[in-house]
Structures are given as structure tokens and as C-alpha cells.
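The structure follows.
The values are calculated or read from the model by the stated rules, or taken from the named source; none is laboratory data. Every value quoted in this text rests on a predicted model; they were computed, and no experiment measured them. For neighbour counting, all protein chains shown are included, and Cβ atoms are generated from backbone atoms with ideal geometry for every residue, glycine included. Surface accessibility is based on the protein's heavy atoms, side chains included, excluding ligands, DNA and RNA. Shrake-Rupley method; radii C 1.70, N 1.55, O 1.52, S 1.80 Å.
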Amino acid sequence: MHAAELRGVTRRYGRRLALDDVSFAIPPGRSFGLLGPNGAGKTTALRLLLGFARPSSGEVRLRGLPPTRSAARQRVGYLPESAKLPARMRVDRFLRLHARLAGLSGAEIGREVDAGLELTGISDRAKETIGSLSKGLAQRVAFAQAFLGRPELLLLDEPTSGLDPLGMRDAREWLDAARQRGASVLMSSHVLSEVERACDDVAILNEGRIVASGPLEELVEPGETLEDLFVRVVRG
Amino acid sequence: MRSAASTFFILSGEALADATRRRITPVVAVVSVLSLMAVDGCTGCASSFVENGQEIDPTQIAGYSGTLLFTVLALWTCVLAGILASDHLVEPLADGSAALILGRPVGRSAFALARLAGVLAITFVTGLTLLGVTAFLLSARHDLPIDASVLAGVAAAVGWVIVAALSMLASLLLPRIAVAMLVLVGVGSIASVNLVAQLGGTLTGLPFLIDQWGPPLASAVIAALSPWIAPAQAFGSGTELALRLSAWAIGSSAALLVAVRRIEIGR
């Protein structure tokens, strides 16, 4: 069973084709980078995987289930692009809420929340309201919630957005730790160097179509970087 | 995985906490206190009423004035429920914060019902305080039977559910200001036609349809309070009004859930 899969998915918004016969699959334990210029359809693909939108045609599976079923999202950590967190809520209360929604109970909640705060380096800000935090710290809170409950699959949309270079380096370590314990990762990002470091496989979307996909080492030619590949396939 | 009921209770607690953190909540509290002061003044008045040169004992008209006061407060809380609901669901959907919740193993129905419950909790506290104090004062000062006000309170509470659910439903389609206007115009229109019908006026066309088939927000409250008015008048069938009120509450909540299941999140 794949951690996530799109099979022949087309998605239209009125006349506009956001995704055109897109297929990819993320095997368990693999890290997958979804790349493409703005408007290529990356966020649409993530929204389909989470059941936030339905495909016009084709099939979407999340952990083997239709994503509209809430059971499909069990043990899935999601980090949306520019995550909007409840500004008036305290950091620890926000994380406790998400820990409970993730299915944790009793002492597990406190343990996981503390671990998330510790991991993302925001333990000293736990009692502050989210609205009082900088963009970078709020992004760390968003990361902490995505990691709650040791998810088997992480869906990350532009995860390093808002993080400073130190935060980006930390995020890389958090992702490495998740991968080492066997989590699958789907990362949509513009930061190609991050994807190059963190992902095993990539798919490059352009105008709703996949123009290149496969293991990174097979796609990138000798002497070429991921950025070179990206420019080559997107510009044709 | 958590049960849907457990998820609903977790989300309801958060929705209530979110509702209490909103800027409108202190305003509601202040308006409620002012309303209670007005109620205290209204129920304590001892003005003299003269008809055909004869002074009438104010307690003789207490039934009418009490019914009017109670109905106005019930409708005011209907408006409150509608205004609070006009952005309580759509705001987290629009700003993306709902996406974090719905990215969890959380059903959309549980999420929507929890947001509705958050609004209703605030409305219930406000409404039950206002209506409860009013009923107590009218009973203590004018001997109006309190059991009628209990039934009227239940009718009002079902009305809050209807207005809040319809307001949330409308908020998925219309901007907040339009929804707020719709709540004011809708509750006002229903109350007007209900009142005209209760006073024996003749209704035709749309007003007739609203009175006969619409949610009987005012009719049901007035009918429940009929023991306050002597001699007893015909206020329509209580059973028919109760069934219609219940059908609207179930129908509006179901319509909200269907709409929430169909919308796209985060676009």
C-alpha cells in the first residue's frame, strides 16, 4: 500500500485545468518532492490528497483509503503553506488540541506536546499566544503540530516558508529524524536545494502536467543540479 | 482513532473558547446587562391605564405586556445567534485555520456541528439569563405562570438553532455583512408576519406563505405564552407549531452539514 497516490487525476476549476492526468505514488518510507513553478498545481495535488477538494476525474488514495474518509488522515501530519494559526490561542493549548485530534490521550498528550516543543526549540514560548510570535516562530509551532503523534506520512506545503537559515537547517534535521523512523514525506517546495537534500524521488509539475518524475539520482544528469533539471524540463 | 462524538466534544470546547475570545462577546454581555436593567424597569412599572374613563389595574394588562417583552427578547437572542454564526464557521474556513483541523482525522460534520455548538453555547447562556430573569420577574411581580415561560423558552431555543444554522449556511455563500443583514431582515420579517397573524390580521401572498410554512419564531413563543393572556385566545395549534419548529431545526442543521460536506477547503 502506498502512503499516498494519485492515479490519472484531472482537476478543473471552471475552464482552467489545474491538474491534467497526473499520476504519482509515494511508497512507504520514501521522501517525495513535488516541484513546479507558481500555479503548476502543487497545492491542488496536496488538497486532493487531504480530501479538501475532489478530482474531476481519476483516483486519489491516502494510506490506501479515499481521502474524504477521516480514517485516511489518521497518523498524517500536515503543514499548509503559510499556515494560519489561531492568533489568540496559547502555543501549548494549540498543540494539546491537535494532539487530542490526532488521537492521543492521557499522558501521551503532554509527552508528545513537550517533545514537539523541545524538537522545534520553542519550549520557552509555550505559554505565549501564537499571535505574539514572529513568523518564523509561528512556523516552528506549525511544524510542531505536524509532528505530533509520530505521523507515518508528512504532507508539507512550502515547509521552510518564513524560516531563517537556522530554522531551515533545523527543519532539515526534523525531517531527517522523521524519515529515519520510517515516515513517508511529501514536500512541495520552491527551495530546490532543500528538496535535493531531503527527497528520494521528485515530480516536476508544469501547467498541471507532470513533465518529469522519478528517483532524483536518475533524473539529474551528471554535472547537473536539480535547479538545472527544473529549468530544463519546465522551459522545455 | 477517536469516535466522531469524542472529536465533536473536543472541537465544541475549542469553538466555545474561540467564541468567548471574540471582540463581540463583551459587547453582548454589556447589551445583556442593559437589557436586564430595562426588563427590571418594565416589569416593575406601575403606570396608570385609563379606558373609558376608568382606571385599569396594570396587572390586568401584564399578560399582554409580558408576552410582548418575552417575545421581543426571544427574537433579540435569535438575531444574536444569527450574527454570531455569520462568521464563526466561515472565518476559519477562509483564513485557512480550519485546514489544520480538517487535516486531522476529523469529519467535516463534526467540525461544522462543533462550530454551531460554540455559537449556541454563547446564545444559550445569554438567552436563558435574559428569558429566565424576565420570566421570574413577571411571575414574582405579576403572578404570570412560569410554566408557560419554560415552554416559550424551549421554543425560543429551537429558534436559535434554526437561525444560527441558516446563518452559517448563508455565510458559505455570501459575505458577512450580507448574512448579518439577512438575519436582521429575516427575523424581523418572520416576526412581523407572525405577529400580524396572531392579532387576527389577514395575510396574502409571500407573508402568508412565510407565516404558514416558515419557521414560526414568534408564533411558537406567543402560543406558548397564551396562558398569560386572558381571556384565552386562539393562537394556532401548539402541536403544529412545535412540529414545524422542530422540522426547521432539523432541516436547517442538515442543510448546513450537506453544504459543508460539499465545499472545497482552502481555496
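Tally the residues that are facing chain B (nearest Cβ under 9 Å), in contact with a helix residue (DSSP H, G or I) (Cβ under 8 Å, 6 or more places away or on another chain) and open to solvent by 10 Å² or more (accessible area, probe 1.4 Å), restricting the search to the stretch A:52-69.
Residues in the stretch A:52-69 being facing chain B (nearest Cβ under 9 Å), in contact with a helix residue (DSSP H, G or I) (Cβ under 8 Å, 6 or more places away or on another chain) and open to solvent by 10 Å² or more (accessible area, probe 1.4 Å): 1 in total.
Looking only at the stretch A:184-197, filter to residues that are touching a strand residue (DSSP E or B) at 6+ places or on another chain (Cβ under 6 Å) and of a type in the set (Gly, Ala, Ser); which one of those is nearest to A:Pro151 (Cα to Cα)?
Initially, the stretch A:184-197 is screened for residues touching a strand residue (DSSP E or B) at 6+ places or on another chain (Cβ under 6 Å), giving A:184-188, A:195.
Checking the rest, the ones that are also of a type in the set (Gly, Ala, Ser) come to A:184, A:188.
Values: A:Ser184: 9, A:Ser188: 18 Å.
Checking each candidate, the answer is A:Ser184.
Can I ask one more? Is it the case that the stretch B:117-140 has a residue that's more than 14 Å from the chain's Cα centre (by Cα), within 14 Å of chain A (Cβ to nearest Cβ), part of a helix (DSSP H, G or I) and hydrophobic (A, V, I, L, M, F, W, C)? Steps first, answer last, please.
Pass one, the stretch B:117-140, residues more than 14 Å from the chain's Cα centre (by Cα): B:118, B:132-140.
From what's left, within 14 Å of chain A (Cβ to nearest Cβ): B:118.
From what is left, the residues that are part of a helix (DSSP H, G or I) are B:118.
Next, from what is left, pick out any that are hydrophobic (A, V, I, L, M, F, W, C): none.
No - not one qualifying residue is present in the stretch B:117-140.
Return yes or no: is A:Gly77 open to solvent by less than 10 Å² (accessible area, probe 1.4 Å) and in contact with a Cys (Cβ under 9 Å, 6 or more places away or on another chain)? If you could, list the steps in order and put the result at the bottom.
Details: open to solvent by less than 10 Å² (accessible area, probe 1.4 Å): yes; in contact with a Cys (Cβ under 9 Å, 6 or more places away or on another chain): no.
In short, no.
State yes or no: is B:Ser252 more than 15 Å from B:Leu75 (Cβ to Cβ) and either within 18 Å of the chain's Cα centre (by Cα) or at pLDDT below 90 (or both)?
So B:Ser252 fits the description; yes.
Only one of these conditions is not met by B:Arg22: (1) within 23 Å of the chain's Cα centre (by Cα); (2) within 14 Å of chain A (Cβ to nearest Cβ); (3) part of a helix (DSSP H, G or I). Which number is it?
B:Arg22 satisfies all of (1) within 23 Å of the chain's Cα centre (by Cα); (2) within 14 Å of chain A (Cβ to nearest Cβ); (3) part of a helix (DSSP H, G or I) except (3).
Here is a yes/no grid of residues against (1) aliphatic (A, V, I, L, M); (2) in contact (Cβ under 8 Å) with a residue 60 or more places away in the chain; (3) open to solvent by 10 Å² or more (accessible area, probe 1.4 Å):
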| position | (1), (2), (3) |
| --- | --- |
| A:Ala177 | yes, no, yes |
| A:Ser184 | no, yes, no |
| A:Met187 | yes, yes, no |
| A:Val195 | yes, yes, no |
| A:Pro215 | no, no, yes |
| A:Val220 | yes, no, yes |
| A:Arg232 | no, no, yes |
| A:Gly236 | no, no, yes |
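May I ask you to list the residues in the stretch B:197-213 that are open to solvent by less than 60 Å² (accessible area, probe 1.4 Å) and aliphatic (A, V, I, L, M)?
Within the stretch B:197-213, B:Ala197, B:Leu203, B:Ile210 qualify.
For the stretch B:70-95, which residues satisfy the criterion of being away from every other protein chain (no Cβ under 13 Å), open to solvent by 20 Å² or more (accessible area, probe 1.4 Å) and touching a residue at least 60 places away in the same chain (Cβ under 8 Å)?
Matches in the stretch B:70-95: B:Leu75, B:Val79, B:Ile83, B:Val90.
Sticking with this one: Select from the stretch A:87-97 the residues that are within 13 Å of chain B (Cβ to nearest Cβ) and among the charged types (D, E, K, R) and write down the one among them that is least open to solvent (accessible area, probe 1.4 Å). Break it down stepwise before answering.
Start the filter on the stretch A:87-97 by keeping residues that are within 13 Å of chain B (Cβ to nearest Cβ), which leaves A:87-90, A:93-97.
Restricting the remaining residues to those that are among the charged types (D, E, K, R) gives A:88, A:90, A:93, A:96.
Values: A:Arg88: 108, A:Arg90: 69, A:Arg93: 138, A:Arg96: 110 Å².
So, considering only residues that are within 13 Å of chain B (Cβ to nearest Cβ) and among the charged types (D, E, K, R), the one least open to solvent (accessible area, probe 1.4 Å) is A:Arg90.
What's the number of the condition A:His2 fails, among (1) open to solvent by 50 Å² or more (accessible area, probe 1.4 Å); (2) more than 26 Å from A:Asp200 (Cβ to Cβ); (3) more than 11 Å from chain B (Cβ to nearest Cβ)?
Of everything listed in (1) open to solvent by 50 Å² or more (accessible area, probe 1.4 Å); (2) more than 26 Å from A:Asp200 (Cβ to Cβ); (3) more than 11 Å from chain B (Cβ to nearest Cβ), A:His2 misses just condition (2).
Any residue at all in the stretch A:206-216 that is polar (S, T, N, Q) and either assigned to a loop (DSSP other than H, G, I, E, B) or farther than 30 Å from A:Val91 by Cβ (or both)? I'd like the intermediate steps shown before the answer.
Residues of the stretch A:206-216 polar (S, T, N, Q): A:206, A:213.
Of the ones still in play, those that are also either assigned to a loop (DSSP other than H, G, I, E, B) or farther than 30 Å from A:Val91 by Cβ (or both) are A:206, A:213.
Looking through the stretch A:206-216, at least one residue is polar (S, T, N, Q) and either assigned to a loop (DSSP other than H, G, I, E, B) or farther than 30 Å from A:Val91 by Cβ (or both).
Could we say that B:Ser139 is surrounded by fewer than 23 Cβ atoms within 10 Å (Cβ to Cβ), closer than 30 Å to A:Arg75 by Cβ and touching a helix residue (DSSP H, G or I) at 6+ places or on another chain (Cβ under 6 Å) here? Full working, then the answer.
Values: surrounded by fewer than 23 Cβ atoms within 10 Å (Cβ to Cβ): yes; closer than 30 Å to A:Arg75 by Cβ: no; touching a helix residue (DSSP H, G or I) at 6+ places or on another chain (Cβ under 6 Å): yes.
Considered against the rule, which asks whether it is surrounded by fewer than 23 Cβ atoms within 10 Å (Cβ to Cβ), closer than 30 Å to A:Arg75 by Cβ and touching a helix residue (DSSP H, G or I) at 6+ places or on another chain (Cβ under 6 Å), B:Ser139 comes out as no.
Something else now. Assess whether B:Ala98 counts as being within 14 Å of another protein chain (Cβ to nearest Cβ), in a helix (DSSP H, G or I) and touching a Pro at 6+ places or on another chain (Cβ under 8 Å).
It is true that B:Ala98 is within 14 Å of another protein chain (Cβ to nearest Cβ), in a helix (DSSP H, G or I) and touching a Pro at 6+ places or on another chain (Cβ under 8 Å).
Which ones in the stretch B:102-112 are within 8 Å of chain A (Cβ to nearest Cβ) and either free of Cβ contacts under 8 Å to residues at least 12 places away in the same chain or open to solvent by 20 Å² or more (accessible area, probe 1.4 Å) (or both)? If you could, list the steps in order and put the result at the bottom.
As a first pass, look at the stretch B:102-112 and keep what is within 8 Å of chain A (Cβ to nearest Cβ): B:102-107.
Within the stretch B:102-112, B:Gly103, B:Arg104, B:Gly107 qualify.
Name the single residue, out of those in the stretch A:51-68 being part of a strand (DSSP E or B) and hydrophobic (A, V, I, L, M, F, W, C), that is nearest to A:Gly8 (Cα to Cα).
Here is the first cut: in the stretch A:51-68, the residues part of a strand (DSSP E or B) are A:57-62, A:65.
The next check asks that each one be hydrophobic (A, V, I, L, M, F, W, C); those that pass are A:60, A:62, A:65.
Working: A:Val60: 9, A:Leu62: 15, A:Leu65: 16 Å.
Selected residue: A:Val60.
Residues that are within 14 Å of chain B (Cβ to nearest Cβ) and either of a type outside the set (S, T, N, Q) or loosely packed, with under 15 Cβ neighbours inside 10 Å (or both): does the stretch A:21-38 have at least one? First the steps, then the outcome.
So the first thing to find is which residues in the stretch A:21-38 are within 14 Å of chain B (Cβ to nearest Cβ), and the list is none.
No, that holds for no residue.
So, one more: Looking at (1) surrounded by fewer than 20 Cβ atoms within 10 Å (Cβ to Cβ); (2) modelled with pLDDT under 90, which is the only condition B:Ser226 fails?
(1)
Looking at (1) within 27 Å of B:Leu11 (Cβ to Cβ); (2) acidic (Asp, Glu); (3) touching a helix residue (DSSP H, G or I) at 6+ places or on another chain (Cβ under 9 Å), which is the only condition B:Asp95 fails?
Condition (3) is where B:Asp95 drops out.
State whether the residues of the stretch B:185-201 include one that is without any contact (Cβ under 8 Å) to a residue 40 or more places away in the chain and over 29 Å from B:Pro227 (Cα atoms).
Looking through the stretch B:185-201, at least one residue is without any contact (Cβ under 8 Å) to a residue 40 or more places away in the chain and over 29 Å from B:Pro227 (Cα atoms).
Hey, can you tell me all the residues within the stretch A:69-97 that are acidic (Asp, Glu) and not in a helix (DSSP H, G or I)? Before the answer, list the steps.
Taking the stretch A:69-97 and keeping what is acidic (Asp, Glu), we get A:81, A:92.
A:Glu81 - this is the single residue of the stretch A:69-97 that is acidic (Asp, Glu) and not in a helix (DSSP H, G or I).
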